[in-house]
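Encoded as structure tokens, the structure appears first; notes follow it.
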Amino acid sequence: MCQDERMSSSLAPRADFPVLEEAAYLNAASIALMPLPVRRSMQAFMEEIAGRGTIGFDDDAEAAVYDGVRSRAARLLGSEPADVAVTTSASEALGQVAWWLRPGEGENVVSIDIEFPSVTYAWMRVAEETGLEVRLVRALEDPLRLTLDRVAELVDDRTAAISVSHVQYATGHLLDLRALADLAHAHGALAVVDATQSAGVVPIDVQEADVDVLVSGGYKWLCATFGAAICYLHPRIAERFLPPLISWRSTPNPPDFDATRMPLAEGARRLEYSTVAYPSGIGLGEAIEYILGLGVDRILEHDLGLTDKVAAGLEELGGTLISAPREVPRGSIATARFPGRRPERLVERLIQAGVIAGPRLGGVRISPHLYNDVSDVDRALADLERILETPEDD
Amino acid sequence: MSGSLVPQDHFPVPDGTTYLNSASISLTARPVREEMRRFEDEVVHLGTINLDDEAENRVYEGVRGSAAALLGCDADDIAVMTSATEALCQVAWWLRPGEGENVVSIDIEFPSVTYPWLRLAEDEGLEVRLVRAMEDPLRLTLDRVAELVDERTAAICVSHVQYATGHLLDPTALSELAHAHDALLILDTTQSSGAVPLDVRSTDQDVVIASAYKWLTGVPGAAFAYLRPEVAERFRPPFVGWRTTGEGAMAFDATRISLAEGGRRMEYATVAYEAGISLGAATRYLLDVGIEKIHEHDRGLCALLAEGLRVRGAEPLTPEDPDGRGTIVAARFPGRDPFELAGALARRSVFVAPRLGGLRFSPHLHNDEDDVGRALEALDAALEGA
């Protein structure tokens, strides 16, 4: 099969994603579609708790509720299950790490100015309290020029952490994890990576990459939903990590309920602390299983095939790409600016036409995933062409 | 008061099952589950096309509106969080009392109430003062809390109703005590909201936090937090994210953090939608039944349970005075292991929890006198089968 033929069909059964009958859904970088089998497992778990309370779910069952999710996440990331925690969001995990590390006056944390806010906010907030310096690579003016070298320019021996995304949410730029970790470690800093825009589409091997912390939200490329995310902690970090968010599930034997002392669970599990939306976590585990069943390598090839077609189409329509070009490593994101046109208005009209995309960083962002096929891309480009032909109305 | 307060088919449990464990995880009413299901179905149909706006309106505003009606405050005073612990930690890491300051709590609290302060103490050197109630839980009184409070007290952080014993502390007396020492009162109402009325204004509360999945009859994954407007104004959330600004995706800016107005500045990431829907819908469901009525009903069942336990020679863990307790009744059985007893009851399809060396019974609006009778019968059988 040549690449075109492969790309022309979706990788996953379209029947698992019924909304595709109505819409060209190309917005995985915002919220991906969840496969029906994953929904069904979530619903079954939800019904059990809502309808039967603790009848089939006692304290011990609750303490072990995420063991299965950890093992699947470990397969996705190439880690041990004990190195993975299920948190309620990527922001929560990043906040935990930032408040634990709490670098002070004279220290700095390096990030990028076009990052997703959750990546920089945690450190900026800590900086208000401690006087830490947050150094941001300036990429806003020319997002295409983002490289690891520009990150390296800001790193020095007072750098406590480099905190960046594996793949940029607005531009799809990918930073090499191993090079990033080497850069951090050469300066005694931690490599803290947000993989929310890569996990589920770009292969990740945390052991090979040697990163210290890697988090991913569940509701984008992993095709799960809100309320659950994964966080990998390198064992060398986990053993000294003291979680700022803490409660009964942080302990080695959660049902002990002792308010006067707080021993910590071994491994990354100490990041988990409270009774949370368990169905979301169970769904995340099932979604990762679904992704692993398709194969992340195949997903990347499929998604990038569609993204390249989108990018070429956007340029043909007169767009200026601000997303990573095909010559460089990237995620499945194509974003283009259309001079004189407001991206919010363009996207609004696309959505009216049944093409789901997002306005980001002054451009129209299109992010195909495993359930899309070439018909979705053709439809999106045709509708965008039609919209561009008519002048902007106010 | 013989029957359940609500139609039996709103809380269908298997035949012969007696569920007296709302203080662990409550059952969720059928109409609430139907509302969760409807939302979920619409998401499948519409995908996530308008999910951001839909969710904002239905998930978040749903909780804000109903929590405000429950607590007697404005919707703007309410934040929607993933758990009560998360909300408590937001407040604790904001306040971050240091060396020389102290926070007062109780040694038999649920760990979520004390842990944030114990954790902060490791880093900041604050002193965590715990009322010692473990040896004799019945001797817990507000005076014993007051003994530990002084001019260096930054906060009193306690539960309205104790999870293991059902002991209730008067919220007005607590806020007067805290404010007399310029301390903040942080009240965890996870074991009371939905079963015990609380008006945050007339009782002068600063921070009130409750999880969805106990007496509020929602599911795990959502909680609400009330911040008094004067507190909200000063509050700088330590945990921040894209929702902190209250501006949404159009205004993503990684280089500056602006704060949403009111309680919602505490929110920073997304809660599980179904959990948020459940919290709003379940709170409305309870308000429709009437919190006063629920309180009276649950207290009636507690009185029957307390009497049944007394005549069986159990050592009460719960105050005898109905005004000194919430809707939980617990007792110890000398010489008997509570875990074994709870297991023996579960084998007879009666669900209660072993806590603090005793058995905890927590009846709610779907229970009736027959449930109490069946539980006591099963207890007799379990006690005989030594």
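The values are calculated or read from the model by the stated rules, or taken from the named source; none is laboratory data. Note that the coordinates shown come from a computational prediction; the quantities given were computed from them, not determined experimentally. Every residue, glycine among them, receives a Cβ derived from its backbone with ideal geometry; neighbour counts consider all protein chains shown. Only protein heavy atoms, including side chains, enter the accessible area calculation; ligands, DNA and RNA are left aside. Shrake-Rupley method; radii C 1.70, N 1.55, O 1.52, S 1.80 Å.
Points worth noting:
- Evaluated at q = 0.19, 0.23 Å⁻¹: base-10 log I(q)/I(0), Debye formula over Cα of region B:180-272: -0.98, -1.19
- Its alpha carbons give region B:82-212 an Rg and a Dmax of 13.4, 38 Å.
- Evaluated at q = 0.12, 0.14, 0.17, 0.21 Å⁻¹: base-10 log I(q)/I(0), Debye formula over Cα of region B:257-386: -0.59, -0.73, -0.91, -1.16
- Peptide B:218-226 shows a mean partner chain C-beta count of 5 within 10 Å per residue C-beta.
- The alpha-carbon positions of region B:1-152 define a convex hull whose volume is 217 Å³ per residue.
- Sorted largest first, the spans of the alpha carbon positions of region B:229-310 along the three principal axes are 62, 27, 22 Å.
- Farthest toward positive dipole pole in region B:120-190 [+1 Lys/Arg, -1 Asp/Glu at C-beta], among B:Leu148, B:Ala178, B:Gly166: B:Gly166
- When the alpha-carbon atoms of region B:213-261 are used, the pair Rg, Dmax equals 14.1, 41 angstrom.
- With the simple spin-label model, which puts each label point 7 Å out from Cα in the Cβ direction, the A:Arg102 to B:Glu307 separation comes to 5.4 nm.
- Cα-based Rg and Dmax for chain B, where Dmax is the largest Cα-Cα distance (Å): 21.1, 68
- Exposure of B:Thr114 as accessible area (Å², to 10), given a probe of 1.4 Å and all protein chains: 0
- Rule-of-thumb Rg ratio for region A:113-236 [Cα; 2.2 N^0.38 Å; N residues]: 1.02
- When region B:113-179 is reduced to its Cα atoms, the Kirkwood hydrodynamic radius in Å: 12.9
- Interface burial for A against B (accessible surface, 1.4 Å probe, total of both chains, Å², rounded to 100): 6400
- Converting the Cα gyration tensor eigenvalues of region A:8-142 into ellipsoid dimensions via √(5λ) gives semi-axes, longest first, of 36, 26, 14 Å.
- Each label was represented as a point 7 Å from its Cα along the Cα-to-Cβ direction; for A:Leu294 and A:Thr320 these points are 3.4 nm apart.
- Under the Karplus curve 6.51 cos²θ - 1.76 cosθ + 1.60, θ = phi - 60°, whole-Hz ³J(HN,Hα) for region A:278-285, x wherever Gly or Pro sits: 4, x, 5, x, 4, x, 4, x
- Distance from region A:359-387 to region B:96-164 (C-alpha centre basis), Å: 56
- Principal semi-axes in Å for region A:90-173 [√(5λ), Cα gyration tensor, largest first]: 21, 15, 10
- Computed about its Cα centre, the charge dipole of region A:90-172 is approximately 160 debye, with only Lys, Arg, Asp and Glu carrying charge at their Cβ.
- For B:Phe110, distant residues with modelled amide H under 5 Å away: B:Tyr163
- Debye intensity ratio I(q)/I(0), log10, region A:211-299, q values 0.19 Å⁻¹ (C-alpha model): -0.95
- Evaluated on region A:243-292, the Kirkwood hydrodynamic radius is 12.1 Å, with distances taken between all distinct Cα atoms.
- Taking the 1.4 Å solvent-accessible surface of chain A as the whole, the part contributed by carbon and sulfur is 48%.
- Over region B:337-386, equivalent-ellipsoid semi-axes from the Cα gyration tensor in Å: 18, 13, 8
- Surface exposure of chain B, expressed per residue as accessible area with a 1.4 Å probe, stands at 34 Å².
- For the options A:Gly51, A:Gly305, A:Gly319, a Gaussian network treatment of chain A with springs between C-alpha atoms closer than 10 Å singles out A:Gly51 as fluctuating the most.
- Under Stokes-Einstein, with the Kirkwood radius over Cα pairs as Rh, the value for the protein assembly as shown at 25 °C and 0.890 mPa s is 91 µm²/s.
- Taken over region B:68-112, the percentage of Cα pairs per 10 Å bin, counting from 0 up to the bin with the maximum distance, is 19, 39, 34, 7.
- Share of pairwise Cα separations in region A:284-392, more than 23 Å, in percent: 28
- Here is the list for region A:280-338: GluC sites (Glu not before Pro) lying in DSSP coil, each with at most 12 other C-beta atoms within 10 angstrom of its C-beta, are A:Glu327.
- For chain A, average projected area of the Cα convex hull in nm²: 20.5
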